[in-house]
Amino acid sequence: MKRIMITGALGQIGSELVGKLRETYGNDNVLATDIRPTTDESGPFNVLDVTDAQKMHDLAKEFEADTMMHMAALLSATAEEKPLLAWNLNMGGLVNALETSRELGMQFFTPSSIGAFGPSTPKKNTPQDTLQRPTTMYGVNKVSGELLCDYYFQKFGVDTRGVRFPGLVSYVAQPGGGTTDYAVDIYYQAILKKKYTSYIGQGTYMDMMYMPDALQSIVDLMEADPAKLEHRNAFNVTAMSFEPEEIAASIRNHIPEFELAYDVDPERQAIADSWPDNIDASAAKNEWGFQAKYDLDAMTADMLEKLKQKLQ
Ligand code: AKB
């Protein structure tokens with residue numbers, strides 16, 4: 001049975017990953033940590049600032065963790081607003097988590113992102129191995145992170161694994177400071193106001209995935225036979241690619257009067273324009289059986305049903 005320590009446990013992915021891992025491996029085998037305190041008492045929790053290397057090491061050692069899931073990071077739009085903070089937090093936290101894993105012999109997971117690609121990357125069916133010259137601070141952090149994780153595997157034998165997540169959609173935790181967040185907001189506003197004003201322009205395609213598929217992909221990759229992994233940091237994973245009109249059309253199957261308008265935010269649009277339209281996940285499929293269950297319409301049906309219950 002794994003003993004897992006998670007950083008950023010109250011963030012967009014962490015807040016659901018903790019539940020998934022506690023269900024899979026038992027409540028007491030998952031140590032959640034975050035810079036903020038929590039009221040959730042479903043299992044062990046400690047406050048941790050990931051830039052505090054000593055505390056991270058001590059907590060992992062005391063818990064006898066054998067796996068590190070490092071989720072704490074600033075997302076793309078916030079990183080563009082505060083590039084130095086993003087560098088210090090995203091890279092400083094990552095190197096501390098890798099060092100802790102090296103020192104204590106832990107398996108390691110951290111998410112990369114479609115943000116690790118840039119304008120010179122092929123935009124359609126973006127290959128697993130391709131040009132990565134991102135033009136955002138978040139992208140620079142993600143590419144550096146992928147390389148650093150490879151380095152820790154090659155140099156020190158740390159069992160590092162990662163995926164390049166697309167935009168993640170969920171009814172549980174709202175994302176904050178991302179470029180793909182519109183694909184979550186739109187469902188909330190569809191229920192609350194029956195209309196949405198998108199800060200991402202018409203015709204802008206980005207990859208997306210429903211959170212249950214994202215969580216399952218983390219568990220599956222971490223359980224995968226290492227002998228089958230040719231790539232490690234990080235696998236392209238995706239479930240769908242759409243532009244704002246397509247998600248609106250999917251919502252109209254349930255809320256026919258739903259209206260979509262645009263007020264494009266130049267900063268987030270520029271980030272979206274530098275990312276692929278759709279990525280190729282065949283390496284993840286072939287090497288560890290990645291498969292997403294939800295397409296756009298299945299995700300829309302589930303999101304609207306769950307959000308109606310949550311917001312009523
Ligand atoms: C963001 O928009 O910053 C994230 C991502 C795609 O990494 N959702």
message = Which order do the peptides 200-207, 59-66, 262-269 come out in when sorted by mean C-beta neighbours inside 10 angstrom, highest first?
response = 200-207, 59-66, 262-269
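Name the shape class, rounded, prolate or oblate, that the alpha-carbon gyration tensor gives for segment 217-312, where a ≥ b ≥ c are the square roots of its eigenvalues, rounded holds for a/c under 1.5, and otherwise prolate holds if a/b is larger than b/c and oblate otherwise. Show your work: numbers first, answer last.
Numbers: a/c = 2.80, a/b = 1.61, b/c = 1.74.
Taking the square roots of the gyration eigenvalues as a ≥ b ≥ c, segment 217-312 is oblate.
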ask   = Using all Cα-Cα distances in segment 170-272, what percent lands in each 10 angstrom bin from 0 up to the longest?
value = 13, 40, 29, 14, 5, 0
message = Which of the three applies to segment 81-155, rounded, prolate or oblate, going by the alpha-carbon gyration tensor with a ≥ b ≥ c and a/c under 1.5 meaning rounded?
response = oblate
key: Residue with peak Gaussian network fluctuation, the chain [Cα springs, cutoff 10 Å], from Arg36, Arg102, Arg164   = Arg36
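Quick one: of the DSSP bridges fully inside segment 153-243, what percent are antiparallel, nearest 5? Write out the running numbers ahead of the final one.
Details: 3 of 8 bridges.
Taking every DSSP beta bridge with both residues in segment 153-243, the antiparallel ones total about 40 percent.
Only Cα pairs under 8 Å and at least 6 apart count here; give the relative contact order of the chain as a rounded whole percent.
Working: 631 pairs, mean separation 57.2, N = 312.
That works out to 18 percent.
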ask   = Hey, can you rank 37-46, 170-179, 289-298, 230-239 by average C-beta count inside 10 Å, highest first?
value = 230-239, 170-179, 289-298, 37-46
query = By a straight-distance test (C-alpha under 25 Å), which lysines pair with Lys293 as possible cross-link partners, with residues fewer than eight away in the same chain excluded?
reply = Lys20, Lys123, Lys124, Lys228, Lys285, Lys306, Lys308, Lys310
note = Honestly the chain on the Cα gyration tensor test (a ≥ b ≥ c root eigenvalues; a/c under 1.5 rounded, otherwise a/b vs b/c for prolate or oblate) is just prolate
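Among bridges DSSP assigns within the chain, what percent are antiparallel (round to 5)? Could you put the intermediate results ahead of the total?
Working: 3 of 31 bridges.
Antiparallel: roughly 10 percent of the beta bridges in the chain.
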inquiry  = In Å and on Cα atoms, what radius of gyration and Dmax does segment 11-119 show?
reply    = 14.2, 44
task = Would you give the gap between the C-alpha center of segment 165-221 and the C-alpha center of segment 95-137, rounded to a whole Å?
result = 20
key: segment 243-271 versus segment 285-312: alpha-carbon centroid distance in Å   = 18
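Read the figures in this text as sums done on the coordinates, not as results from a lab. Note that the structure is predicted; figures quoted are calculated from it, not measured. Glycine also receives a Cβ, built like all others from the backbone with ideal geometry; neighbour counts cover every protein chain displayed.
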